[in-house]
Amino acid sequence: MTSPKKRKRKLNVFRVFLLIFLVLAVTLAGAGVGFAIGIIRTMPDWQPDKLQLAMTTFIYDKNGQLVEELHGEQNRIVVPLEKIPKDLQNAVVAIEDARFYQHHGIDLKAIFRALWINLRSGGIREGGSTITQQLAKNAFIENPERTLRRKIQEAIMAIELERMYTKEEILENYLNIVYLGPGTYGVEAASRLYFGKSVSDLNLAEAAMLAGIIQSPANYDPRHHEEAAKTRQEQVLDNMVKYGYITPEQAEKAKAEKLEYHEAPQTKTEKYPYFIDAVIDEAGRLLESQGIDAAELFRGGLKIYTTLDPKIQTEIEKVYADKNNFPAGSPDRQIESAMVVLDPHTGEVRGLVGGRDYTTKRGFNRAIQAARQPGSTIKPLVVYGPALEKGYPPAFVIDDVPVSFPGASKPFTPVNYDGRYRGLISMREAIRWSVNIPAVKMLNTIGIETGYEFGRRLGLPLKPEDKNLSLALGGLTTGVSPLQMAGAYGAFANQGIYIAPHFVTRITDRNDRDLIVNKPQRQEVMSEQVAYLMTDMLETVVRSGTGTNAQIGRPAAGKTGTTSLPDTPEYRGLKGEKDAWFVGYTPELVAAVWMGYDQTDPKHYLKNVAGGGYPALIWKKVISAALKDQPVQDFPRPAGIIYADVDAKSGLLPSELTPKEFIVKEIFTQNMLPTKVSDVWVQAQVCVTTGQLASPNCPDVKTGVFLKRPDNYSGSIKPEDAYLEAPTVVCTLHGGAGNGKQGLVSICTDPRHGAELFLANIPKKGEEGGCPPQYVKQVELPPEKIPTRYCNLPDHQLTKKTSGSANEETGPPAPSLTARLEVGPNVSEPKVVLQWEFPAGEGYLFSIERSSQGTGRRSLAIVRDTTYTDTGVKPGFTYRYRVIALDEKSNLSTPSNEVTIAIPKK
């Protein structure tokens, strides 16, 4: 017999939910009790009658040696509430705790409003802390962490403070303890820091500005973030109107007031003050980025480990203390300067000076805060660096001739600082002599966007408004600091890797627990081959270019830079500069030096101060001392670097016609190595006497090698290599038309030449053969159509006569040539005066010929007198002269003796 089945009980849903609710309630209650016990057990040791608590922060150099101590009390000046303007009291209440006079330490309404706003925004947009809670946090809580537990502890302390103190006492203590900037606690110290006066003298506009700083001193410091601070001030004033403290008219008047910021004079001189200021700035930003109040720098007992090298820093300060290292300034103002030295392999700043005198604590630090036009020091960063990256080698040739580019309002016409136009030059030569026109042309070739993005990757603060060709010359909307320039050049020294410059490596709390470990990212901005090519080019600048004053007897690379005075009416007629720079590096260190007036005006500007002068000499002194006794290192050469001979006028492989003096050894990567042979040199026959294209009647003809330049210049300005071009006029002495437009030439018309034109071979004295008379035809041709080659048919060639006649004519007697140089204080430009004795009578012409270093003879003029003055000589050159006597009847000629004149350098 089977047993009956057991009846199943029906599930009671209500009982299940009741059970779950009871379990959750017990759990939450237990958790709440545990949380409450945790809050009570971790409450700080505090005494409501002792409202100040601050611990010393220590700053260490790169070797771990203590260099500075920061104390919260150092910049706190306590004042009673009655000396604090009512406008300031009301401004702080209006922006920080509008219900301060209604609540009892905590404001539940503000807490729920902040919670709702933060939930809607998905982040922390508003806090609910009261002034009393902030006072409790500043006075008694050492741990800067932001947690719910700490907020509850703040609330407990705030309620207790409200029981012990009046609202006026709480506000007075808060206004004397609140953090308002690095090393600055309380409104009295802050008023002296920002406005140079006591808090009792503040007006409404200044009070509102000061109240606005409280929320974030790092972001609302009006000296460095004026726009953000002004917006915050307006918000404070609007709140004061909202809560009835001032009228709308008073608010608008305060908003319109122009505020001036300057710190009251300091009497204490700190060790390495500019560097310590930079450390405080960076450490404050790092702490706030991790949600830690920057005020902990001066009260939190932190340990800050920095990149400071005392040896280098001491040397910089020594150099800057010597006034002989700087040009004389105006009687009422000295010329300022700043310098940064850093390790390019880590980005760590080793030394820094932000001005020649340190007069104001936490004042203007030119090394990190100045925004100056970089001039030609920007060329490697936005022109030649990206050009190399795109495959243009250092041998790439650019034509340095006047040029204009279309512009929105007017054409952009760059000019060279020295007024010279060198013609076809390589990128290496362009950067060596800091020539402007090739830099602008190169940026135009690679594209402005390419140069702009390359500069941005190197840490330059470029703006979209900088996307124009003046970027190549450093014409920026705002400017750059020495710190940014040193960091950018550091990428060349660091094999193409950019690391942001920094001062702080690590911050710990008082128990040596890490709060911040600062390791900036390494960013590859170019290949190591490109970085090496740029270094090799910049070594030329120091070795034999504009930066020779920076030579230190070991490998060094660098670039000079100078910015012109503004092109405005008040500077018309003035000759000088606005900024002077030198940025250079060795395998170990990179440094940037800036020099100029803080404010340039027609009475305060640099005179005869270039980047290759004082700035380069300062760089040399500091870096030489920094590397003293260290082994000499070379810049590491990566794989794939090739050296090859090229034609300096084309950047291609030399041809058979390339003159030896224009064959240079250049550096390449494998992909950059040229494969084409140079085609810029051509041959042409010229009259030895006149230096013009030979006519069939010229008695003495030679074949010369000439440069085939682009036909892209006109007017009176000619590039300096124009002398290498072939003449365009057929000899005017022996049969040319002489008008410079048409040339009368003899052409060989033998049908075997086809349509190609060849000059006819016509026998001269002592010659026979040549083109048969029936094939010789005289025609007039424009210079560009005149052929440069003579008939090449084998049976039309000239030969020397086998025997001469006893009655052959003889040439004229040889002139006896003398020369003298005229140069001196009464002579504006050097000149050479030539005189010669000639025994024959009339009927003779004289052709004056000149040659100089590496160039062939050229005819300067043809005259009938026996004297001639050459005004086209240049300092530093050596010239050779001779005079050829020409018999007009027989066309015979005789040269004089040769004389040599050396023109001294200025």
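So, ARG76, is that one surrounded by 20 or more Cβ atoms within 10 Å (Cβ to Cβ), at pLDDT below 90 and over 30 Å from LYS311 (Cβ atoms) or not?
On the way: surrounded by 20 or more Cβ atoms within 10 Å (Cβ to Cβ): yes; at pLDDT below 90: yes; over 30 Å from LYS311 (Cβ atoms): yes.
Yes.
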> Of all the residues that make up the stretch 402-433, how many are closer than 15 Å to LEU473 by Cα, touching a helix residue (DSSP H, G or I) at 6+ places or on another chain (Cβ under 9 Å) and hydroxyl-bearing (Ser, Thr, Tyr)?
Replying inline: 1
>> Take LYS559 and tell me if it is touching a helix residue (DSSP H, G or I) at 6+ places or on another chain (Cβ under 6 Å), crowded, with 24+ Cβ neighbours inside 10 Å, of a type in the set (D, E, K, R) and not in a loop (DSSP other than H, G, I, E, B).
In response: yes
> Which residue pairs have Cβ atoms under 7 Å apart, sit 6 or more places apart or on different chains, and have a first residue in the stretch 586-601 that is free of Cβ contacts under 8 Å to residues at least 60 places away in the same chain and part of a loop (DSSP other than H, G, I, E, B) and a second that is surrounded by 18 or more Cβ atoms within 10 Å (Cβ to Cβ) and not aliphatic (A, V, I, L, M)?
Replying inline: THR600/LYS578
> For LEU574, which of the numbered conditions (1) under 17 Å from the mean Cα position of the chain (by Cα); (2) hydrophobic (A, V, I, L, M, F, W, C); (3) not in a helix (DSSP H, G or I) fails to hold?
Replying inline: (1)
> GLU661 fails exactly one of the following numbered conditions: (1) at pLDDT 90 or above; (2) in a helix (DSSP H, G or I); (3) within 30 Å of GLN797 (Cα to Cα). What is the number of that condition?
Replying inline: (3)
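Of all residues being of a type in the set (Val, Ile, Thr) and free of Cβ contacts under 8 Å to residues at least 40 places away in the same chain in the stretch 185-244, which is surrounded by the fewest Cβ atoms within 10 Å (Cβ to Cβ)? Just the residue, please.
Step one: filter the stretch 185-244 for residues of a type in the set (Val, Ile, Thr), giving 187, 199, 213-214, 231, 236, 241.
Checking which are free of Cβ contacts under 8 Å to residues at least 40 places away in the same chain leaves us with 213, 231, 241.
Values: ILE213: 26, THR231: 12, VAL241: 16.
If we take residues in the stretch 185-244 being of a type in the set (Val, Ile, Thr) and free of Cβ contacts under 8 Å to residues at least 40 places away in the same chain, then THR231 is surrounded by the fewest Cβ atoms within 10 Å (Cβ to Cβ).
Please determine, by comparing only the residues of the stretch 779-802 that are in contact (Cβ under 8 Å) with a residue 40 or more places away in the chain and in a strand (DSSP E or B), which one is surrounded by the fewest Cβ atoms within 10 Å (Cβ to Cβ). Walk me through how you get there before you give the answer.
Looking only at the stretch 779-802, we keep the residues that are in contact (Cβ under 8 Å) with a residue 40 or more places away in the chain, and these are 780, 782-784, 786-791, 793, 796.
Still in the running and in a strand (DSSP E or B): 780, 790.
Details: GLU780: 14, TYR790: 21.
Selected residue: GLU780.
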> Hey, among GLY391, GLY419, GLY423, which residue is touching a strand residue (DSSP E or B) at 6+ places or on another chain (Cβ under 7 Å) and on the phi > 0 side of the Ramachandran plot?
Replying inline: GLY423
> Which residue, of GLY770, GLY856, is modelled with pLDDT of 75 or more and within 30 Å of LYS708 (Cα to Cα)?
Replying inline: GLY770
>> Can you tell me which condition LYS889 does not meet? The list is (1) at pLDDT below 85; (2) touching a strand residue (DSSP E or B) at 6+ places or on another chain (Cβ under 7 Å); (3) not in a strand (DSSP E or B), and all the others hold.
In response: (2)
> What residue, among those in the stretch 352-391 that are farther than 25 Å from THR546 by Cβ and small (Gly, Ala, Ser), is modelled with the highest pLDDT?
Replying inline: GLY391
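What helices (runs of 4 or more DSSP H) completely inside the stretch 187-291 contain at least 3 residues that are over 30 Å from LEU302 (Cα atoms)? Can you show your working first?
Details: elements: 187-195, 204-213, 217-220, 226-242, 248-256, 273-289.
Passing ranges, in order: 204-213, 226-242, 248-256.
What strands (runs of 3 or more DSSP E), lying completely within the stretch 306-418, carry at least 3 residues that are surrounded by 23 or more Cβ atoms within 10 Å (Cβ to Cβ) and aliphatic (A, V, I, L, M)?
The strands (runs of 3 or more DSSP E) meeting that bar are 336-343, 348-353.
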> What do you reckon, is ALA500 surrounded by fewer than 24 Cβ atoms within 10 Å (Cβ to Cβ), among the small types (Gly, Ala, Ser) and over 14 Å from GLY385 (Cβ atoms)?
Replying inline: yes
>> Out of everything in the stretch 604-662 that is under 30 Å from LEU342 (Cα atoms) and touching a Ser or Thr at 6+ places or on another chain (Cβ under 6 Å), what residue ends up being surrounded by the fewest Cβ atoms within 10 Å (Cβ to Cβ)?
In response: GLY640
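Check whether at least one residue in the stretch 373-395 is aromatic (Phe, Trp, Tyr) and touching a Gly at 6+ places or on another chain (Cβ under 7 Å), and report yes or no. Step through it out loud before you land on a result.
Going through the stretch 373-395, the residues aromatic (Phe, Trp, Tyr) turn out to be 384, 392.
If we keep only those that are touching a Gly at 6+ places or on another chain (Cβ under 7 Å) too, we end up with none.
Scanning the stretch 373-395 turns up no residue that is aromatic (Phe, Trp, Tyr) and touching a Gly at 6+ places or on another chain (Cβ under 7 Å).
Out of the stretch 826-851, which residues are closer than 19 Å to LYS889 by Cα, assigned to a loop (DSSP other than H, G, I, E, B) and modelled with pLDDT under 85? Let's see the steps before the verdict.
Here is the first cut: in the stretch 826-851, the residues closer than 19 Å to LYS889 by Cα are 838-847.
Filter once more, keeping what is assigned to a loop (DSSP other than H, G, I, E, B): 838-843.
Listed by number, the residues that qualify are PRO839, ALA840, GLY841, GLU842, GLY843.
Which residue, of LEU286, LEU308, is farther than 21 Å from VAL353 by Cα, of a type in the set (A, V, I, L, M, F, W, C) and not assigned by TED's automatic domain parsing to the domain that holds ARG192? Before the answer, list the steps.
Working: LEU308 fails: farther than 21 Å from VAL353 by Cα.
Unique residue meeting the criteria: LEU286.
Would you mind finding the one in PRO787, PRO782 that is at pLDDT 75 or above and in contact with a strand residue (DSSP E or B) (Cβ under 8 Å, 6 or more places away or on another chain)? Let's see the steps before the verdict.
Working: PRO782 fails: at pLDDT 75 or above.
Just a single option satisfies the conditions, and that option is PRO787.
The values are calculated or read from the model by the stated rules, or taken from the named source; none is laboratory data. Owing to the predicted nature of the structure, the values given are computational and were not obtained by experimental measurement. Because the Cβ atoms are built from the backbone with ideal geometry, glycine has one as well, and the counts that use them run over all protein chains shown.
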